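Student: Starting off with a structure, shown below.
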Amino acid sequence: MSQSIHIIGSGFSSLAASCYLAKAGYNVTIFEKNNTIGGRARQLKRDGFTFDIGPTWYWMPDVFERFFSDFNKSPNDYYSLEKLNPAYSVYFGQDDFILIEDSLQKICNAFEREEEGSSVQLMKFINEAKSNYDIAIKDLVYNPGVSPFELVTPKTIGKLNQFFSTIKKDVRKQFKNNRLAQILEFPVLFLGAKPSDTPSFYSFMNYADFGLGTFHPKNGMYEVILGIETLAKSLGVIIKTESPIEQILVDHKNEVTGVKSNNLEYPCDYVLSGADYHHTETLLDKKHRQYSESYWQSKTFAPSSLLFYVGFDKKLKNVNHHTLFFDVDFDTHAENIYDNPEWPENPLFYASFPSITDQSSAPEHKEAGIFLIPLAPGLTDTSEIREEYFEKIMTRFEALTSQKVKNDILFKESFCVNDFVKDYNSYKGNAYGMANTLFQTAFLRPKLKSKKVKKMYFTGQLTVPGPGVPPALISGKLVSELIIKDIVTNKTKNSTLQPV
Ligand SMILES: Cc1cc2nc3c(=O)[nH]c(=O)nc-3n(C[C@H](O)[C@H](O)[C@H](O)COP(=O)(O)OP(=O)(O)OC[C@H]3O[C@@H](n4cnc5c(N)ncnc54)[C@H](O)[C@@H]3O)c2cc1C
């Protein structure tokens, strides 16, 4: 038997896992279906412009530091970070926006300008959010989701009420001003569910936002992927692109024996998949799948998205590196994502202009723009609908920011539900995996370790701990710890795997 671990996919979780497993002395090969690595965090280059296709917000810098420090490295060894100021701005109407700057004091001042006295409430809210962050992100999320007892600690027992209230309820109780409330409800959207379905304990995302700030890696988020790739290769990981896995091979003892890619069989001792969980199970015979179609259908998935990558022939005015457009009713759009899936009539949208901060992302005197509309997964996606929505948001963008831009578009590329399915084998074209609701947290999420197939493991945004780049790094660490433990336990059996 060969002495190897084959990893499916090259997203953040797979790359992170590959580093831990290679460091432990195993032979690790990554099989990526696409022609570049990075998964949802790939990069698009066109006519001198560079766009991050997926993630653009670098939050929770401590998680990245902790990842690299496990290899006696730091993010600085691979990329340089800039703290953004302002972190972002939020539009509520024409020329009417609130700036979120780079320190809590400045954010308190912005709150005061909006509503006198609100900064006192904000400090109280953020202190609680910080205490939740210290419990959740420094400790709880580093548990593998095996047992409910992982969540039961003296600290969490003291906060039990926060698991049975929601962010929306908590925020609305404390902030009567709708604009401020909307800003405070925004960070949990990264977890993939509505603020009214997200436990208030998850206010740790507000501390990540206001307390820690928003960063930009020079040359974009893809630089982080390249950094981890460099680390992985230095540890001996082999990366094969254009290598879609077509089947996971399992023997009569229900143990993995290898994978099949481009019609060739690659034997191995362990298989770890960072591809979407639902898709990975379809690579196994039916009897080896743990979760039924009705299981997946019953789950709350994080949104899909309609994205546009636009090259503008001039510098734009009145926008920031990250700009949110909350000028329409949030609840109606959220209903169209979660309760009654359909294309929203008046969508909220997000725009990023990395070239405001980073000259490498656009030629001189030009602007790179990324526009994102969150959508229900599984919606009908046609080029006509994409066009209609591009026109819709460009018209609103021009009006809200008081400038003409439509005639300055050099090119645009789009990415939507069908591309998520085609490029990533994503379930219903979800963008961020499975949402983190109360009943889809920790031990209640799809498991890192297969219950049906020996030596088969999973990582990434559909399993533990959840969606987002920092959780993907953590997921890679958690699953490698389980695999290493398993190898150590099994080493006297058939496997010749030996940690060095
Ligand atoms: C538009 C968008 C914006 C986002 N914004 C942010 C943000 O600002 N900040 C943030 O922290 N997070 C953000 N996220 C979420 C974050 O990008 C993801 O949670 C994270 O990158 C997921 O990593 P992963 O390893 O779980 O999966 P993926 O990145 O999806 O990796 C899975 C890989 O498996 C490959 N694969 C699939 N099937 C096969 C197969 N059969 N054989 C071989 N390979 C296969 C895929 O091609 C892919 O490379 C965003 C995501 C999207 C889509």
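Student: Please report the net charge: other residues with Cβ closer than 13 Å to the Cβ of residue 186, K and R +1, D and E -1.
Tutor: +1
Student: Which Cα, out of 378, 325, 31, lies furthest along the positive dipole direction of the chain (beta carbon charges, K/R +1, D/E -1)?
Tutor: Sorting the options by dipole projection puts first 31.
Student: Another question, then. What size of dipole, in debye to the nearest 20, comes out for the stretch 300-424 about its Cα centre when the only charges are +1 on Lys and Arg C-beta atoms and -1 on Asp and Glu C-beta atoms?
Tutor: Rounded to the nearest 20 debye, it is 560 debye.
Student: Cross-link partners among lysines for residue 314, C-alpha distance below 29 Å, same-chain residues fewer than 8 apart left out?
Tutor: Excluding near neighbours in sequence, the set is 45, 83, 218, 366, 392, 404, 406, 412.
Student: By its C-alpha gyration tensor, with a ≥ b ≥ c as the square roots of the eigenvalues, how is the stretch 248-345 shaped: rounded for a/c under 1.5, else prolate for a/b larger than b/c, else oblate?
Tutor: oblate
Student: Treating only the Cβ atoms of Lys and Arg (+1) and Asp and Glu (-1) as charged, compute the dipole magnitude of the chain about its Cα centre; round to the nearest 20 debye.
Tutor: 1680 debye
Student: Now for a different question. What does the helix-only formula give at 222 nm for the chain: each DSSP H stretch with n ≥ 4 adding -39500 (n - 2.57), the total divided by the residues, and the result rounded to the nearest 500 deg cm²/dmol?
Tutor: -9500 deg cm²/dmol
Student: Students often check this: by mean Cβ neighbours within 10 Å, which of 382-395, 86-99, 10-23, 428-441 ranks highest, and how do the rest follow?
Tutor: 10-23, 428-441, 86-99, 382-395
Student: Considering the dipole of the chain built from charges on the beta carbon (Lys and Arg +1, Asp and Glu -1) around the Cα centre, which of 202, 141, 192 is farthest to its positive end?
Tutor: Going by the charge dipole, the pick is 141.
Student: Calculate the spin-label point distance for residue 288 paired with residue 96, positioning each point 7 Å from the Cα along the beta-carbon direction, and give it in nanometres.
Tutor: 5.8 nm
Student: Moving on to the next point. Indicate the helices, whole DSSP H runs only, in the chain that combine a mean Kyte-Doolittle hydropathy of -1.0 or more with a Cα extent along their long axis of 24 angstrom or more.
Tutor: 118-136, 383-401, 469-490
Student: Given H placed 1.01 Å from N in the peptide plane, which residues other than close sequence neighbours of residue 50 have an amide H under 5 Å from its amide H?
Tutor: Residues meeting the amide H criterion: 362.
Student: Starting from the amide H of residue 261, placed 1.01 Å from N in the peptide plane, find each other amide H under 5 Å away whose residue is 5 or more places distant or on another chain.
Tutor: HN-HN under 5 Å from residue 261: 246, 266.
Student: Regarding the chain, what are the three Cα extents along the principal axes, ordered largest first, in Å?
Tutor: Extents along the principal axes: 68, 54, 45 Å.
Student: Specify whether the C-alpha gyration tensor of the stretch 114-231 places it in the rounded, prolate or oblate class, a ≥ b ≥ c being the square roots of the eigenvalues: rounded for a/c under 1.5, otherwise prolate if a/b is larger than b/c and oblate if not.
Tutor: Oblate, since a/c reaches 1.5 and b/c is not below a/b.
Student: Sketch the reach of a paramagnetic label on residue 407 as a point 7 Å from Cα along Cα-to-Cβ, and name the residues of the stretch 314-357 whose backbone nitrogen lies under 15 Å away.
Tutor: It comes to 314, nothing else.
Student: Counting only the backbone N, which residues of the stretch 1-38 are under 18 Å from the spot 7 Å out from the Cα of residue 241 toward its beta-carbon?
Tutor: Under cut-off, by backbone N: 7-16, 29-38.
Student: Putting +1 on Lys and Arg Cβ atoms and -1 on Asp and Glu Cβ atoms, find which of 57, 103, 6 reaches farthest to the positive end of the dipole of the stretch 1-103.
Tutor: Farthest towards the positive end: 6.
Each reported figure results from applying straightforward, stated rules to the coordinates on display, with no laboratory input. All of these numbers come straight from a predicted model, not from anything done at the bench. Neighbour counts are summed over all protein chains in view; Cβ atoms, including those assigned to glycine, are modelled from backbone coordinates with ideal geometry.
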